[in-house]
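Trainee: Quick one: this structure, given as structure tokens, is what I'll be asking you about.
Each reported figure results from applying straightforward, stated rules to the coordinates on display, with no laboratory input. All values derive from a computational prediction rather than experimental measurement. FYI the Cβ positions are ideal-geometry reconstructions off the backbone, even for glycines, and counts take in every protein chain you see.
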């Protein structure tokens, strides 16, 4: 059976000013800034908010880069491998799509996105200025209705920097989000026997601090 591989972009896009009135894009990740050339930024944009295989990633990239003069001009494979090596694109492989998805997400850390009211207002105005219909833009103000497991996962992700695999372990062991510090949460994980899903992600049973 052929192995399946999925890709997704990592980090947050920001624009910086060089002090001379010129703006340039950077990717923020793990409190670090990463610069990109135009071709890397195009490919990163094609993978942003997507979990996709290599062929579809190349299709999205070709759509974005059509008509653009990108320098340096590497092959798609070289550019993708470069972003993976730099840690700006994550990939996961497995015999099925589910295994590939688990391999991709297992070692990634979940960072909740801010949903403050001022940020929603600013985003709403930006959407209106970009031509989005008011009805569609107003969806930003709808209350996020989460299930109990979803609320549990979100609360855990806010209490400590936990990887996807650690969040799964916490949820399976019913560890409370009231454990507010990483030390206490990790000590709870250490005392629990490793479950099938935790071993499957390839992480050690002990979480080193």
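Trainee: Order these peptides, 35-45, 94-104, 143-153, by their mean beta-carbon neighbour count within 10 angstrom, highest first.
Mentor: Numbers: 35-45: 19.0, 94-104: 16.0, 143-153: 10.5.
The most tightly packed comes first, giving 35-45, 94-104, 143-153.
Trainee: Taking all pairs of different Cα atoms in segment 97-137, averaging 1/r and flipping that mean, what Kirkwood radius in angstroms comes out?
Mentor: 13.0
Trainee: Give the dimensionless ratio obtained when the Cα radius of gyration of segment 2-155 is divided by 2.2 N^0.38 Å.
Mentor: 1.20
Trainee: If you rank 170, 48 by fewest surrounding Cβ atoms within 10 Å, what's the result?
Mentor: The order, fewest Cβ neighbours first, is 48, 170.
Trainee: Please arrange 168, 26 by how many other C-beta atoms lie within 10 Å of their C-beta, fewest to most.
Mentor: Fewest-to-most ranking of 168, 26: 26, 168.
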